[in-house]
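Asker: Sharing a structure here in structure tokens format.
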Amino acid sequence: MYSGKRVLVTGGTGLIGIPLVKMLIEKGANVRIASLDDPALAHPDAEFIRCNLTDWNACKKVVKDMDYVFHLAGTKGAVSTGRVKAASFFVPHLVFNTLLMEAARIGDIDRYLFTSTIGIYPNSKVPKKEDIAWDGAPHHTDTFAGWAKRMGELQAESYKLEFDWGKVAIVRPAGVYGPNDNFNPLSSLVVSSLIRRAVGKEDPFVVWGDGSAVRDFVYTDDVAEGMLLALEKSADCTPINLGSGVGTSIKELVEVIASFVPELNIEWDISKPKGEDIRILDISRAKERLGYKPKVSLEEGIGRTIEWYKQEKDRLSEYYHVFSKNELISDWTNGQ
């Protein structure tokens with residue numbers, strides 16, 4: 001399916017984008033990357049366009065002459081960042097998600113993948129099946145990013161109904177981690193934040209909550225492979241979860257990290273929030289529709305990520321982080 005095809009990957013220099021681009025090139029695709037990162041981070045055999053996708057002309061430019069689009073670009077941040085920078089999370093996501101999909105529709109792109117998130121789901125203690133997504137609002141810790149992603153899913157459905165442009169695959173990844181993750185202290189998520197602090201020998205090694213919160217962690221390569229399968233086998237606006245399907249407590253995660261970084265003086269700060277109690281994806285649909293099967297265990301994935309971080313931590317300043325420069329809405333509306 002991908003051999004000889006022209007494929008755009010927005011965010012192709014990021015956590016999922018890097019392995020996805022590599023897999024596409026290995027399958028014979030001609031890949032174009034759209035990103036705000038340093039071009040040095042792009043795959044050497046891919047075309048690179050540095051641009052801001054909140055600009056309509058940039059969206060039209062990057063989709064031009066493409067067969068397929070994988071839209072992975074997004075703003076990541078911790079719960080605290082999402083609250084303090086609520087508008088800077090919410091509005092740019094709405095803008096670039098909307099503009100890029102519209103540019104793809106007008107450009108009559110053959111197939112399009114929209115990356116949603118586990119954060120769209122309401123609070124529930126059972127493994128989250130795709131059909132419960134609209135049973136309530138997103139968990140309060142994901143209000144702004146969750147609603148922005150929900151709007152992208154609705155946009156795809158609206159195009160299918162009105163324009164019969166239904167070749168959109170919608171995937172909802174769980175807690176993705178791995179090499180090339182965001183390790184910026186201002187906006188890193190739980191796995192990368194813990195790894196950065198552990199490798200840095202933070203003492204005491206303080207972890208928020210009591211360790212009982214359960215999450216679904218999935219390695220980046222497994223998600224990239226799931227995306228390739230989704231565009232091939234399920235480009236019909238049917239949402240599909242991409243996770244491990246396995247619950248891991250924060251305590252278990254910390255223990256795995258500690259097995260690679262010995263002598264951590266771990267302390268639990270129960271005065272701090274632990275987030276949603278249980279957040280696990282049901283991946284039955286992905287298994288049945290796509291033949292999706294995660295391959296990388298948490299232990300193996302954490303080990304790979306720690307080794308990568310140790311080797312690359314001194315050059316992480318080359319990665320673009322929207323909040324590292326205290327950028328606000330006024331920055332991107334001015335085209336910065």
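Each reported figure results from applying straightforward, stated rules to the coordinates on display, with no laboratory input. Since the model is a prediction, treat every value here as computed from it, not as a measurement. Cβ placement follows ideal geometry from the backbone for every residue including glycine, while neighbour counts extend to all protein chains displayed.
Asker: Name the most mobile residue of Ala40, Ala198, Ala235, meaning the one with the largest mean-square fluctuation, in a Gaussian network model of the chain with Cα contacts below 10 Å.
Answerer: Among Ala40, Ala198, Ala235, the largest GNM mean-square fluctuation belongs to Ala40.
Asker: Among the DSSP beta bridges whose two residues both lie in the chain, what percent are antiparallel, rounded to the nearest 5?
Answerer: Numbers: 2 of 37 bridges.
Given both bridge residues lie in the chain, the antiparallel proportion sits at roughly 5 percent.
Asker: If you place +1 on the Cβ of every Lys and Arg, -1 on the Cβ of every Asp and Glu, and leave all else neutral, what size is the dipole of the range 94-230 about its Cα centre, to the nearest 20 Debye? Before the final figure, lay out the partial values.
Answerer: On the way: 14 positive and 19 negative charges, 54 e Å.
Using only the charged Cβ atoms, the result is roughly 260 debye.
Asker: Estimate the FRET efficiency between Asp38 and Lys61 by the formula 1/(1 + (r/R0)^6), using the beta-carbon distance for r and 25 Å for R0, to the nearest 0.05. Before the final figure, lay out each step's value.
Answerer: Details: r = 20 Å, r/R0 = 0.78.
Step by step, r from the Cβ atoms, then E = 0.80.
Asker: A follow-up question, please. When the convex hull of the Cα atoms of the chain is projected onto a plane and the area is averaged over all directions, what value comes out in nm²? Write out the running numbers ahead of the final one.
Answerer: Working: hull surface 62.7 nm².
Averaging across all directions leaves 15.7 nm² for the Cα convex hull.
Asker: Mind checking the dipole of the range 133-197: about its Cα centre, +1 per Lys or Arg Cβ, -1 per Asp or Glu Cβ, Debye to the nearest 20?
Answerer: Numbers: 7 positive and 7 negative charges, 66 e Å.
That gives the range 133-197 a dipole magnitude of about 320 debye.
Asker: Let me ask you something else. What's the extension gain from Lys251 to Ile132 if we count 0.36 nm per residue and subtract their Cα-Cα distance? The partial results should precede the final answer.
Answerer: Details: separation 119, 0.36 × 119 = 42.84 nm, distance 2.77 nm.
Between Lys251 and Ile132, full extension yields an extra 40.1 nm.
Asker: What translational diffusion coefficient, to the nearest whole µm²/s, does the range 178-229 have by Stokes-Einstein, given a Kirkwood radius computed over alpha-carbon pairs, a temperature of 20 °C and 1.002 mPa s viscosity? If you can, show how the numbers build up before the last one.
Answerer: Details: Rh = 12.9 Å.
Stokes-Einstein gives a translational diffusion coefficient of 166 µm²/s.
Asker: Return the subset of Lys22/Lys313; Lys251/Lys274; Lys167/Lys295 for which the Cα-Cα distance in this structure is over 20 Å, preserving the input order. Each step should come with its number before you reach the end.
Answerer: Numbers: Lys22/Lys313 22 Å; Lys251/Lys274 11 Å; Lys167/Lys295 27 Å.
With Cα atoms farther than 20 Å apart: Lys22/Lys313; Lys167/Lys295.
Asker: Still on this structure, please answer the following. Give a residue-ordered list of calculated ³J(HN,Hα) values for the range 5-20 (Karplus: 6.51 cos²θ - 1.76 cosθ + 1.60, θ = phi - 60°; whole Hz; x for Gly, Pro).
Answerer: Using θ = phi - 60°, the values come out as 7, 9, 10, 8, 10, 6, x, x, 10, x, 3, 8, x, 5, x, 5 Hz.
Asker: Same structure, new question: How large are Rg and Dmax for the range 56-150 when only the alpha carbon atoms are used, in Å?
Answerer: Taking only Cα atoms of the range 56-150, I get Rg and Dmax of 15.0, 45 Å.
Asker: Give me the base-10 log of I(q)/I(0) for the range 147-249 at each q in 0.11, 0.16, 0.18, 0.22 Å⁻¹, Debye formula, one uniform scatterer per Cα, rounded to two decimals.
Answerer: -0.48, -0.84, -0.96, -1.18
Asker: Against the longest alpha carbon principal axis of the chain, how many degrees, from 0 to 90 and to the nearest 10, is the axis of helix 250-260 turned?
Answerer: 80
Asker: Over the chain, what is the relative contact order in whole percent, taking alpha-carbon pairs under 8 Å and six or more residues apart? Each step should come with its number before you reach the end.
Answerer: Details: 663 pairs, mean separation 64.5, N = 336.
Averaging sequence separation for qualifying contacts and normalising by length gives 19 percent for the chain.
Asker: Next question. Helix-derived [θ] at 222 nm for the chain: sum -39500 (n - 2.57) over DSSP H runs of at least 4, divide by residue count, nearest 500? Intermediate results must be reported in sequence, preceding the final value.
Answerer: Working: 11 runs with 128 residues, N = 336.
That calculation yields -11500 deg cm²/dmol at 222 nm.
Asker: Could you grab the relative contact order for the range 1-119? Cα pairs under 8 Å, six or more apart, rounded to a whole percent.
Answerer: Values: 191 pairs, mean separation 32.5, N = 119.
Reported relative contact order: 27 percent.
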